[in-house]
Amino acid sequence: MSSQNNKRSIFNVLFSDVPGTKEYVLLFFVVITVFLLVIMVSTFLFIKAAQMDFYNPISLGDKIKLAFIFWGALSVVLFLVAFRFILAISYRVAGPIKRMEQLLDEIIAGKDRAIILRPNDALIGVAERINKLISLNKNK
């Protein structure tokens, strides 16, 4: 009963049969890591530039303004990338749920239907189990 295949986590339940999801998550963490490294390096360079004024006519206040503009722009880009990943994953879950609700309403109304989802959708395993249940009820 405690085999590896029976292990249930939210990731396994939602995305075990969805191709490409693990790559999305890995890419998301790589992007976050790159952005964090850029922020750390730029912070280090800003501190070094503030400590050693290389006959630069830019005042410390202007350097701070430039650093905040850079970090703000970087934060907006990071937010947009994260938003894109969140949308992609939520569409893979919300679409199948809506489709299953519609088809279950049709089945309740007496129509003979099977739940068919797109190959990249989440909850494919749930749809397959519902289809098995429908076919078992037809055979009775």
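Here, each number is a calculation from the coordinates, and none is a lab measurement. Please read all numbers here as calculations on a predicted model, not as lab measurements. Glycine gets a Cβ as well: all are built from the backbone with ideal geometry, and neighbour counts include every protein chain shown.
I need the full set of residues from region 89-140 which are exposed (fewer than 13 other Cβ atoms within 10 Å of the Cβ), in a helix (DSSP H, G or I) and among the basic types (Lys, Arg), in order please. Listed by number, the residues that qualify are LYS98, ARG129, LYS132, LYS138. Residues in region 92-112 that are at negative phi and free of Cβ contacts under 8 Å to residues at least 12 places away in the same chain: ALA94, LYS98, GLU101, GLN102, ASP105, GLU106, ILE108, ALA109, LYS111.
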